[in-house]
Amino acid sequence: MLKKTAVQKISDLAAQLMQKGTLIAPVREDAGFNFREISDAGQVDLNFYNTLMSPKSAFFPHMEDFVRYQTGKSVLDAVPVEISIKPAFLFGVRPCDVKSFEIMDIHFSGTGAVDPYWQKRREATTIFGYAFDLNTPADGADFYATLGIGAADPEGSDVFMMKKGDELLLKAVTKKGEKLLAEMSGLTDASPEDQKYFDETVATGRSFKTRLTCVEAKSIAKKFEDLFHKTPFWERISDACLSCGICTFVCPTCYCFDICDETLFGQGTRRRVWDACMFTDFTLEASGHNPRTKVYQRLRQKVCHKYSYHVRKYGVISCVGCGRCTRACPVNIDIFSIVDQAMKE
């Protein structure tokens with residue numbers, strides 16, 4: 001099913017989705033675009049390249065309460081925080097970010113220990129993928145094409161969108177997406193010419209170039225395995241690193257978290273908060289021992305996890321080439337350049 005609407009009527013489409021549930025879409029902010037819960041349909045803005053933060057927080061919030069309790073009382077009096085999930089629509093997600101959800105599913109629902117918070121949000125959310133503009137060169141930090149992700153890949157989306165001049169084409173990819181589009185008013189049936197344009201854009205998007213070096217999963221996994229004990233290599237590439245952790249927070253496939261307790265006036269909350277392997281005390285043990293006291297050890301952990309350990313265990317690189325870590329890094333460390341240098345060692 002392929003439908004279309006005028007780009008200028010996106011707010012009408014957004015308003016209908018808001019009537020059905022929570023709408024999370026790109027919003028223009030002072031520093032750039034980010035996904036936010038929409039309170040006014042006019043906030044939705046698809047005139048962006050990509051968001052500053054990844055959309056993973058739609059399923060994995062930065063901070064999430066689990067249990068509330070009172071200090072001094074029995075643990076049996078603690079009250080679990082109920083998971084109240086209503087239908088949601090994640091609107092305007094680039095193909096590389098859609099791919100990241102599949103990778104994150106491995107950890108939160110595919111290893112046998114299902115995370116109910118992640119799983120329920122995933123089940124309740126309809127994903128509207130959104131093709132990159134093939135007439136605009138890729139940002140210099142992007143390298144999703146080298147990882148086999150096309151600029152207009154519809155896989156993983158429930159509905160996939162792309163612009164065609166002043167029109168927005170919407171293709172139902174799953175039964176969930178097909179049912180939703182059938183219920184939406186204001187959409188018209190696409191023409192055979194629109195279908196041809198859609199198919200050609202998807203095909204062209206798979207040859208759209210980002211960076212040139214081809215990254216093959218098993219080869220790079222073996223390369224980093226061989227380089228693991230080459231300390232001079234890791235010291236060189238981590239020389240400027242500040243261990244600020246911004247690369248992990250903007251990353252769509254980083255999923256480290258900590259469980260912590262916060263109490264105030266006898267009222268306590270146990271919650272999950274994002275953490276990062278780049279932080280100095282991430283591996284600090286109760287004994288006081290820290291096996292990764294040096295910056296190069298922490299950067300090595302992050303890179304090897306994505307490009308070696310994850311490949312060995314799950315058969316896929318835990319990176320989608322979105323370029324956010326490079327764009328956000330205050331000292332311009334580029335993970336793709338690290339991969340490139342490793343392949344040349």
Of all residues in the stretch 79-107 being in a loop (DSSP other than H, G, I, E, B), touching a residue at least 40 places away in the same chain (Cβ under 8 Å) and over 14 Å from the mean Cα position of the chain (by Cα), which is surrounded by the most Cβ atoms within 10 Å (Cβ to Cβ)? P87
Restricting to the stretch 320-345, name every residue that is under 22 Å from K209 (Cβ atoms) and among the aliphatic types (A, V, I, L, M). V320, I335, I338, V339, A342, M343
Just to be sure I understand, how many residues within the stretch 310-324 are in contact (Cβ under 8 Å) with a residue 24 or more places away in the chain and more than 17 Å from C251 (Cα to Cα)? 4
Which members of the stretch 6-28 meet the condition of being within 21 Å of the chain's Cα centre (by Cα) and of a type outside the set (S, T, N, Q)? L23, I24, A25, P26, V27, R28
Do we have any residue at all in the stretch 29-44 that's hydrophobic (A, V, I, L, M, F, W, C), more than 24 Å from V273 (Cα to Cα), crowded, with 16+ Cβ neighbours inside 10 Å and under 24 Å from the mean Cα position of the chain (by Cα)? yes
Number of the condition not met by D158 [criteria: (1) touching a Ser or Thr at 6+ places or on another chain (Cβ under 7 Å); (2) under 20 Å from S11 (Cβ atoms)]: (2)
If we take the stretch 108-189, then strands (runs of 3 or more DSSP E) inside it with 1 or more residues that are of a type in the set (S, T, Y) are 125-130
Wholly within the stretch 1-44, which strands (runs of 3 or more DSSP E) include no fewer than the required count, namely at least 2 residues that are in contact (Cβ under 8 Å) with a residue 60 or more places away in the chain? 2-6, 22-28
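Output the helices (runs of 4 or more DSSP H) that fall wholly within the stretch 271-342 and possess 1 or more residues being polar (S, T, N, Q), or say none. First the steps, then the outcome.
Working: elements: 295-304, 310-314, 324-328.
Correct list: 295-304, 324-328.
Output the residue which, of all residues in the stretch 108-152 that are polar (S, T, N, Q) and free of Cβ contacts under 8 Å to residues at least 12 places away in the same chain, is surrounded by the most Cβ atoms within 10 Å (Cβ to Cβ).
Residues of the stretch 108-152 polar (S, T, N, Q): 109, 111, 119, 125-126, 135-136, 146.
From the residues that got through so far, the ones that are free of Cβ contacts under 8 Å to residues at least 12 places away in the same chain too are 111, 119, 135.
Working: T111: 12, Q119: 16, N135: 6.
Checking each candidate, the answer is Q119.
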Conditions first: (1) exposed (fewer than 15 other Cβ atoms within 10 Å of the Cβ); (2) closer than 24 Å to C329 by Cα; (3) out of contact with any helix residue (DSSP H, G or I) (no Cβ under 9 Å at 6 or more places or on another chain); (4) not hydroxyl-bearing (S, T, Y). P192 passes all but one, so which condition is the exception? (2)
List the pairs whose first member sits in the stretch 278-304 and is farther than 14 Å from S238 by Cα, whose second member is assigned to a loop (DSSP other than H, G, I, E, B) and acidic (D, E), and whose Cβ atoms are under 9 Å apart, counting only residues at least 6 apart or on separate chains? F282/D275; N290/D281; P291/E285
Looking at F224, F228, which one is assigned by TED's automatic domain parsing to the domain that holds R300, loosely packed, with under 15 Cβ neighbours inside 10 Å and over 24 Å from N50 (Cβ atoms)? F228
Those residues that are surrounded by 15 or more Cβ atoms within 10 Å (Cβ to Cβ) and farther than 26 Å from D105 by Cα, I need them from the stretch 198-209; list them, please. F198, T201, F208
Filter the stretch 256-270 for residues that are in a loop (DSSP other than H, G, I, E, B) and surrounded by 13 or more Cβ atoms within 10 Å (Cβ to Cβ) and give the result. C256
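The values are calculated or read from the model by the stated rules, or taken from the named source; none is laboratory data. Every value quoted in this text rests on a predicted model; they were computed, and no experiment measured them. Here Cβ is always computed from backbone atoms with ideal geometry, including for glycine, and neighbour counts include all displayed protein chains.
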